[in-house]
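K.L.:
The structure that follows is given in the form of structure tokens.
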Amino acid sequence: MDSHTYNIYKPLRATLDEVIEESPLIRTFVLIPDEEFVFKTGQFIELSVDGVGEAPFTPSSSPLVTDRLEVTVMNTGYVTGIMHELKPGAVMGIRGPYGRGYPVSEFEGKEVLILGGGCGLAPIRSLLFTLEHMKDDLEKVILCYGSKTPADCIYKPLFSRLNSIDKFEAYRTVDITDDDWDGPVGVATILLDEVRVTVDNSVAVVCGPPIMMKFGTIRLLEMGYRDEQIYLSMEKNMSCGLGKCGHCMMGEFFVCKDGPVFTYNEIKHNPEVWT
Amino acid sequence: MYYTGISKEDWHCSLEKLLNTYDIFVPVKDEFSLDYEPFRPDQAEKIAYNTPKPATPLKNFFLPVRENVTSARAGSKPVIIIGVPNCDIEALLLLDEIYLDEVFADPWYRSRRNNTILVASDCYTVNDHCHCLSYGVKPWSMAHADMAILAEGDHLFLRVMSEKGKEIAEQLSGKYDVDDAAAISYEEKRHSETEELLTALNAGLPDYITTGEIIQKAGDEVWKKYAAKCVSCGACTTICPTCSCFLLIDKPDFEKVKQMDACQYPGFERVAGGEDALFELHRRFRNRYMCKYVWRPRKFNSLACTGCGRCIEACIGKINKNELFMELT
């Protein structure tokens, strides 16, 4: 695009095609953008409700699909609350894609251990689609995912599908059990005790609520992962997405532009990293 | 770079003619303050040359408090801003790094930057809280502006520093050639006088890098002590020539309004889930200094504080950051 006519603040329009209820609080919005939309897995977009506001989300769909975009949204604030009321046919706005996604080419020849929690599975699902596409170049992919309750688990069919793919393993846990649940109970990190992984030839990806990011990283370091082998998807108040507005500052980094994916090595010097 | 001379009377007449082509702002002093105002030929005698410093930071010409950033708008006349102190010109370099970055250039900022001619002013005096020199910024501009003014009685030396400056200089009627050596000798005398004033005023103040080193080590107690008088009004960020954080506000038909924001306001970093790393006031207070002296220097080449001292003058809690830094030294 001509850099002199391109307006960095102007959204691309996208029509809401379908709304999928993933859990009581989480819905996936299937969008048809007015123009082909290209992104790299782990990059994020600013999704806006006309005249209301916009919020940052990492698409949960495959980056190989460019005419449809899926965004999984937890109803947790003002804008997301209004998004949850939208019906198919609504026109939304997309800015982006922004930031630095997962450096998947660096994962080649390795085992990929993924630790996810809650709505953090959304970016991970996009990553899993990418990893599935390049599975011939990978040793193994292990997903460890925790949700608050069995009902809060999103993309439930994903787990059986992943377990049917060669080289893929998927495990689930819940913090609070119910009558139908017969799997592990506890925070997502307990699943790491059971997985068989060759740490030296592995990378770890962590995406979830801040508390899980912190304790997940600590556990991975205990397992022998080096700082540069751990990829964290940081959550901040990304507002402009352009490395300008300042809302997502984490020390010297604009999370929106320098991240949202960082290695632990890149950000560990910063005392603000877990706050 | 070269020098030219002009009488104040001819300069003002020339500016009057330039009004046909340009919007011109000049530093005007009255009994209340010194600030930029649109040039009015009948009030030319109120222009304060070589006097620090306009109340409004230069950034306001390029980053309006509030603007629609999605709608096309009519073009405006090119702008000449006269009397810009070097602290503000140096501050603009950081804004250029942020707003003209290779990947995401802000089209509105870029258009204003291209459309503006900066006429700097060498400071002959200092204000109570001027401390540019402590951070390696000279109280005069030898680059990054298009022209600079040095008044001597009823005459002006003009230091022409860019092609844009040359274009303006060539349109001035009544200008006369000056011996560069004489102009340089005059400016050097002025410069050394101002440097002496600044050095005396800021004895013991740590330099920019040292400030970053000492505040990184500062414990919560010192931030809490100074933040006790802070009311999160955001005057310091509003008046700061390098603070440029903003908020995007959505309007119908997917229009976006960009409004200046401040890390001093509650909720600046709050995420939808409710986490807010800057919830406590002393954390917000610390954030501004960490940003200026630690984080921005790691990421950018330009200074994030150029020592203009406006934040000290503007603070309604009378918080003096330099007292804080001296206490930590």
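FYI, it's all coordinate maths here, none of it is from the lab. As the structure is a prediction and not an experimental result, all values here were calculated from the model. Note: ideal-geometry Cβ built from the backbone for every residue, glycine included; neighbour counts use all protein chains shown.
K.L.:
Run the simple label-point estimate for A:Leu12 and B:Ser33 please: 7 Å along Cα→C-beta, distance reported in nm.
P.N.:
4.4
K.L.:
I'd like the Karplus ³J(HN,Hα) series for region A:132-139: coefficients 6.51, -1.76, 1.60, θ = phi - 60°, whole numbers in Hz, and an x wherever there's a Gly or Pro.
P.N.:
These are the phi-based 3J(HN,Hα) values: 4, 5, 10, 5, 4, 9, 10, 7 Hz.
K.L.:
If we count trypsin sites (Lys or Arg not before Pro) as exposed when they sit in a DSSP loop and have at most 13 other beta carbons within 10 Å, what is the longest stretch of chain B that avoids them all?
P.N.:
B:74-228
K.L.:
Provide the gained length on full extension for the span A:Asp137 to A:Thr198, in nm with one decimal, where the gain is 0.36 nm per separating residue minus the Cα-Cα distance.
P.N.:
Here the segment from A:Asp137 to A:Thr198 would lengthen by 20.3 nm.
K.L.:
If you don't mind, there's one more thing I want to ask. Amide H to amide H, which residues 5 or more places from A:Gly259 or on other chains are under 5 Å from it, using H placed in the peptide plane?
P.N.:
Those lying under 5 Å, H to H, from A:Gly259 are A:Arg100.
K.L.:
Under 11 Å from the Cβ of A:Glu111, count the other residues' Cβ atoms, weight Lys and Arg +1, Asp and Glu -1, and hand me the total.
P.N.:
Here the charged neighbours net out to +1.
K.L.:
Helix-derived [θ] at 222 nm for chain A: sum -39500 (n - 2.57) over DSSP H runs of at least 4, divide by residue count, nearest 500?
P.N.:
-4500 deg cm²/dmol
K.L.:
What does the charge count near B:Ala304 come to, summing +1 for each Lys or Arg and -1 for each Asp or Glu among other residues with Cβ under 12 Å from its Cβ?
P.N.:
In short, +2.
K.L.:
Between region A:15-45 and region B:65-125, how far is it from one alpha carbon centroid to the other, in angstrom?
P.N.:
So the two Cα centres are separated by 38 Å.
K.L.:
For B:Gln171 and B:Asp128 in the same chain, what is the full-extension length gain: residue separation times 0.36 nm, less their Cα-Cα distance, in nm?
P.N.:
Length gained between B:Gln171 and B:Asp128: 11.7 nm.
K.L.:
Could I have the simple spin-label model distance between B:Glu152 and B:Ala72, label points 7 Å from Cα toward Cβ, reported in nm to one decimal?
P.N.:
Inter-label distance under the simple model: 5.1 nm.
K.L.:
So if a site counts as exposed when it's one of the GluC sites (Glu not before Pro), its DSSP state isn't H, G, I, E or B, and it has at most 16 other Cβ atoms within 10 Å, what's the longest stretch of chain B without one?
P.N.:
B:103-274
K.L.:
Roughly what would the spin-label model give for B:Glu16 and A:Val65, points 7 Å off Cα along C-beta, in nm?
P.N.:
Here the answer is 7.1 nm between the modelled labels.
K.L.:
Antiparallel as a % of all DSSP beta bridges within the protein assembly as shown, to the nearest 5?
P.N.:
65
K.L.:
Between rounded, prolate and oblate, where does the protein assembly as shown land on the alpha carbon gyration tensor, with a ≥ b ≥ c its root eigenvalues, rounded for a/c under 1.5, else prolate if a/b exceeds b/c?
P.N.:
Note, shape of the protein assembly as shown comes out prolate.
K.L.:
How big is the antiparallel share of DSSP beta bridges in chain A, given as a percent to the nearest 5?
P.N.:
Roughly 55 percent of the DSSP beta bridges within chain A come out antiparallel.
K.L.:
Also, I was wondering about something else. Taking 0.36 nm per residue of sequence separation and subtracting the Cα-Cα distance, how much length would be gained by fully extending the chain between B:Glu280 and B:Glu9, in nm to one decimal?
P.N.:
Result: 92.0 nm gained on full extension.
K.L.:
While we're on this one: Of all DSSP beta bridges in region A:128-275, what percent run antiparallel (nearest 5)?
P.N.:
So the antiparallel bridges in region A:128-275 amount to around 30 percent.
K.L.:
Taking H as built 1.01 Å from N, whose amide H comes closer than 5 Å to the amide H of B:Glu37, not counting residues under 5 places away?
P.N.:
Sorted by chain and number, the residues that satisfy this are B:Val26, B:Val28.
K.L.:
Quick one: if the Förster radius is 35 Å, what FRET efficiency do B:Asn114 and B:Glu213 give, using the C-beta to C-beta distance and rounding to 0.05?
P.N.:
0.40
K.L.:
Give the average, rounded to an integer, of partner chain Cβ atoms located within 10 angstrom of each Cβ in B:100-111.
P.N.:
That works out to 4 on average.
K.L.:
Also, quick follow-up: What are the GluC sites (Glu not before Pro) within region A:176-275 that DSSP puts in a loop, where the Cβ has at most 11 other Cβ atoms within 10 Å?
P.N.:
Answer by residue number: A:Glu194.
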